[in-house]
Amino acid sequence: NNFYHNVFAFSAPILLCLYYFFPVCKIEVPERLTVSHEALIKTGLADRCISVPVREATDADILLVHSEEYLEAVKKTPYMTLEDLQEFTLQYGDVYFHPNIYHCAKLAAGAALQLVDSVMTGKVRNGMALVRPPGHHSMRSAASGFCVFNNVAIAAQYAKQQYGVKRVLIVDWDVHHGQGVQYCFEDDPSVLYFSWHRYEHQKFWPQLKESDYNSVGKEKGAGFNINVPWNKVGMKNSDYLSVFCHILLPVAYEFSPDLVLVCAGFDSAIGDPEGEMCASPDIFAHLTHLLMNLAGGKLCAVLEGGYNLTSLPQSVCQTVQTLLGDPAPRPANLDGPCESALESLHCVRSAHRQYWSCLKHMTFIFTASSNNSLLLSPAELPTSDVTTKRIKLAEEEEDKLKKVEEEKNAEEEVWPEPPKRVAPAVRTALVLPNDVACPDGCKHVNTSQVCLLVLLQGCSDVSGFAQAVLGLLLPLGYEYDPSLVLLARTPDSGLCDSVWQQLTGLLQGIAQGHTLVLMQVRRRRRGGSISVYLLLHFWGGLDRWQVF
Ligand SMILES: NCCCNCCCCCC(O)(O)C(F)(F)F
Ligand SMILES: [Zn+2]
């Protein structure tokens, strides 16, 4: 015993001093990848994916975003002593360098490029790169926030250069602002960068003025940079969905990207020590689903942050399962965005109204009452002082509630395991006359099957579609949370094929994908309305269904 005491007593100071001089990052740890990968294997999702080999990004790849001097400096790090490495990191903020990080950073960027190749060549429809170190904070000539090379920014430039992609949408759902991506594309109208991030009126890292909603991009890129600051913690599923329905999706449809890249950071999920948000892991199934309807489904998700080793793998699995086409789970109880989120939403829309027609028309009031709904009721905007006072009042009210809430659950956050999502063997049924061959992948049924009714008059232009479907139908559908969605198309609905396709795609995010469609079957002689056969398909407890 004596011996051990002496040894420990002796070695402790040395360990402490090493730790002090050469700090090791406590949250950006290797286990983040191993637990995520293990979860994909355990859930059987890995078997349903093809694994794409990684490669090292070349100098040319890295120089698409970073400067020569920065690349040359990072190239030297493998040969540095620990002291030199420590010295090297002091010039940047919140970065940790290891002799092997240059190699890892090239693999992380190279992995993102391999994913872009696989998607752009049609080898796969979409995919996800699980990488370390992350990328979205790193800038042209500087590392930042655990990031060395900007994986997603390099991927965007690479897609434009190698595949002639005209428009790239980058969605950054990590809880930190990817300032590196913003700086890279802020004058570039071919890349639309959208980021929400914990901001708390510039009190939260990286504490930049340019992370606020009024940084909209510059010169030709004005309008192509969208920042949604979260000025409070505890944001929930409703807050995230509201911002998607009322800001990101309308603009994304108007932008009409050829490729969607996601800075898939999962520190915006519940339980994360950095984000301190309350959105459940299954929300990423909905966010992913909503983005999959863009760019013909060409979507590359690249891991950024995510530090809770329980919610991170859950969120990764929810994302991958949706990329595989499985229907999203029922959204957990949506009750409408909080005051602070609504205020941010309002600020972002006003800042971008001049750049996007879909934001021009919709004015909306955010009532200070607590029963907000996902649906923002269009109305004349009240005079600002009334609104501000009402918001202040609501915020004080909310802060009081939040204080109580915080006292209550000061202990470790807990949340239910995301629900099992069983995909039916055959996802599509067709009601066809017996003598008609059934397209492959569908199941021929002639019993009482699926028909849906949605009557949407004339919303075929983008801003009409944005308002009617994204700003009304979707939020309402999510909040109503039906077990069944009925869709029908009649020739006079004026819906062109692409709008119809978007509609059926988007609405599959509701009712766990139970989407029933009716096409016109027959027109009675001499005009008149079509003859409609509504054969209801009941399964289990069909407690609620939705007819538009
Ligand atoms: N000194 C105050 C705390 C600094 N905290 C640094 C947070 C870095 C976040 C990195 C990330 O999660 O955004 C990424 F996705 F890049 F990994
Ligand atoms: Zn982050």
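The values are calculated or read from the model by the stated rules, or taken from the named source; none is laboratory data. The shown structure was predicted, so the numbers you read here are calculated from the model rather than taken from an experiment. Cβ placement follows ideal geometry from the backbone for every residue including glycine, while neighbour counts extend to all protein chains displayed.
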Query raised in the report: Out of all the residues in segment 193-208, is one or more in contact with a strand residue (DSSP E or B) (Cβ under 8 Å, 6 or more places away or on another chain), away from ligand 2 (no atom under 16 Å from the Cβ), on the phi < 0 side of the Ramachandran plot and at pLDDT 95 or above?
Result: no
Query raised in the report: Got at least one residue in segment 276-293 being within 16 Å of ligand 2 (Cβ to nearest atom), part of a loop (DSSP other than H, G, I, E, B), of a type in the set (D, E, K, R) and touching a His at 6+ places or on another chain (Cβ under 7 Å)?
Result: no
Query raised in the report: Of everything in segment 464-521 that's acidic (D, E) and without any contact (Cβ under 8 Å) to a residue 40 or more places away in the chain, which residue is surrounded by the most Cβ atoms within 10 Å (Cβ to Cβ)?
Result: D492
Report task. Name the single residue, out of those in segment 129-155 being away from ligand 2 (no atom under 14 Å from the Cβ) and more than 13 Å from Y183 (Cβ to Cβ), that is farthest from the chain's Cα centre (by Cα). Result -> A143
Query raised in the report: Would you say G271 is within 16 Å of ligand 1 (Cβ to nearest atom), under 22 Å from F146 (Cβ atoms) and touching a helix residue (DSSP H, G or I) at 6+ places or on another chain (Cβ under 9 Å)?
Result: yes
Query raised in the report: Residues L312, L299: which one is of a type outside the set (S, T, N, Q), crowded, with 24+ Cβ neighbours inside 10 Å and away from ligand 2 (no atom under 16 Å from the Cβ)?
Result: L299
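Condition check ((1) at pLDDT 55 or above; (2) assigned to a loop (DSSP other than H, G, I, E, B); (3) more than 16 Å from ligand 1 (Cβ to nearest atom); (4) in contact with a Phe, Trp or Tyr (Cβ under 7 Å, 6 or more places away or on another chain)) across all residues:
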| position | (1), (2), (3), (4) |
| --- | --- |
| A351 | yes, no, yes, yes |
| A368 | no, yes, yes, no |
| L381 | no, yes, yes, no |
| D385 | no, no, yes, no |
| I391 | no, no, yes, no |
| K402 | yes, no, yes, no |
| E405 | yes, no, yes, no |
Requested in this report: Could you identify the single residue in A60, A46, A73 that is under 23 Å from N126 (Cα atoms) and at pLDDT 95 or above?
Outcome: A46
